[in-house]
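*Asks:* Could you have a look at this structure, given as structure tokens, before my questions?
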Amino acid sequence: MVDLLKTTPNRRFEDPVHGEHDNSRGTTHHMGAQPPIGREDDKREIVKRLLSHESAHSSMTKKGSVSIISIVGKGGIGKTTLAKMVLSEIAQQFGERRWWVCVSERPKRKDLVRQILRKVCNGYGENTDCTLDGLCTKLWNELSKEKFLLVLDDVWELNWWEEEVGGTLMAGAMGSKILITSRKKDVSEGMGASYMHELPEFNFQQSWDLFIKEALREGEAERDLENHNVRDVGESIVKKCGGLPLVIKTVGSMMRTKQMSREDWKSVKDSKIWEWKRQAASTSSSTEICGDILPGLMLSYDDLPYYLKSCFVYCCIYPKDYEIERERLIMQWVAHELIEKKESIDVEVTANQYIKDLMNRCLVEEIDLKRIKLHDILHDLTLYIGGREYSHASTSKHTRHMSFLVVDNVEETMHNASAITHKLRTLLSESESLPSVHFPNFKWLRVLSLGGYWMDELP
């Protein structure tokens, strides 16, 4: 596989979607402040269920004092966005005892309990040497004090829920609620949800409203689409997005970079990428993106300038739902020579502009001035594009960029990775120790990040 960090840019493209981004419509984007479109009814229903005493009573008769409510729907449909809306809406009822934990694919029980405990205790009192029973006891002591709302985002399977973990979470204080998001109905049923909210695709009007919000620049209005004879083309593009908010946002943001001309908009509508269909694998992997969601996201990626493509894909070195420090990411981009050098312009200035460009295209999300993150589906996309060169907590002979972030058993993973250390170009870890590491073997290493690693001298 070609190393994506060193891919030679191809400036000539056959697909008319590509081209120089000589856009005269400006670059300002309305990021963040406006509320999500089209989910107010869904939010009200879930808030009502969370505040209902009836759902709590129906659950406690079987499992304990805690009731579970689920949001279920396909990837990119807006489950996480809706859960965030709900979490904000009921701030008064649960106060500071509202916590958000991303579960993701095949979590280990001990790691997940420790992750929840970190949120509940705000990082205080953590003991990495505790057994699972010890961690569950600590967690129960905290959860039983007062009612809480725990959001478990992106739940894929049930193995972790069985026995100690599920029992501990369900034994919290009376009136407590757990809100889960999942792509699978059987996960909701298996966890004993008292109410399952199936999130539908956007209808055309909802899709169009979101598309317009993303595609139009400041000072532009919907009538401008008719004045430039592109409204019908825009409507065709929206229909191709399949009612999935994530696809609509990324495609709409891409359209904002283009001239409002019929030729430019038709080049997007007629792109062959819309015909792509990737069948789901037999395994239920969270890194699988298929069906209606792939073409629109791939189109948005394919439209990126070559220098942004490598930077975007590199972000998959970080785990899902990981809050990436801008400064750290920029240093890593620079080390891999992903930032174009421009005369009299500091590379950090250029790199920050790259991040801004990716945010403007809705490909990365700004948490605050220091941190960004990827939507879980966009993380899947970067892994799909990056292929086997990028690995998190596992390795293969193809691995070139490896991360042990948010991994507790680094020793076992590093032992398995010892055969490929001489090929690594990136190694990220937050462990206090890295046993079995032989630093002289890292002949091609460009990025070594060992946050929290204790050493007496440099290797």
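The values are calculated or read from the model by the stated rules, or taken from the named source; none is laboratory data. Just so you know, these numbers come straight off a predicted model, no measurement behind them. Using ideal geometry, Cβ is built from the backbone for each residue, glycine included, and neighbour counts are taken over all protein chains shown.
To keep it simple, each residue is scored yes or no on (1) polar (S, T, N, Q); (2) touching a Lys or Arg at 6+ places or on another chain (Cβ under 8 Å).
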| site | (1), (2) |
| --- | --- |
| Y322 | no, yes |
| E343 | no, no |
| N352 | yes, yes |
| Y384 | no, no |
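*Asks:* Count, please, the residues in the stretch 173-211 that happen to be in contact with a strand residue (DSSP E or B) (Cβ under 8 Å, 6 or more places away or on another chain) and in contact (Cβ under 8 Å) with a residue 24 or more places away in the chain.
*Replies:* Selection size over the stretch 173-211: 21.
*Asks:* I'd like the full set of residues that are aliphatic (A, V, I, L, M) and in a helix (DSSP H, G or I), limited to the stretch 66-97. Reasoning before the result, please.
*Replies:* Going residue by residue through the stretch 66-97, those that are aliphatic (A, V, I, L, M) are 66, 68-69, 71-72, 77, 82-83, 85-87, 90-91.
Across the stretch 66-97, the qualifying residues are L82, A83, M85, V86, L87, A91.
*Asks:* Looking at K239, is it basic (K, R) and assigned to a helix (DSSP H, G or I)?
*Replies:* Judged against the criteria, K239 is a match.
*Asks:* Considering the stretch 163-206 alone, what residues qualify as being crowded, with 20+ Cβ neighbours inside 10 Å, in contact with a Gly (Cβ under 8 Å, 6 or more places away or on another chain) and outside any loop (DSSP other than H, G, I, E, B)?
*Replies:* Passing the criteria: only M170.
*Asks:* Could you run through the stretch 347-371 and say how many residues are within 16 Å of K249 (Cβ to Cβ) and touching a strand residue (DSSP E or B) at 6+ places or on another chain (Cβ under 9 Å)? Working first, answer last.
*Replies:* Looking only at the stretch 347-371, we keep the residues that are within 16 Å of K249 (Cβ to Cβ), and these are 357-366.
From what's left, touching a strand residue (DSSP E or B) at 6+ places or on another chain (Cβ under 9 Å): 358-359, 364-366.
Going through the stretch 347-371 one residue at a time, the tally reaches 5.
*Asks:* Right, next: Do we find a residue being under 16 Å from T80 (Cβ atoms), modelled with pLDDT of 95 or more and touching a helix residue (DSSP H, G or I) at 6+ places or on another chain (Cβ under 9 Å) anywhere in the stretch 159-179?
*Replies:* Scanning the stretch 159-179, I find at least one residue that is under 16 Å from T80 (Cβ atoms), modelled with pLDDT of 95 or more and touching a helix residue (DSSP H, G or I) at 6+ places or on another chain (Cβ under 9 Å), so the answer is yes.
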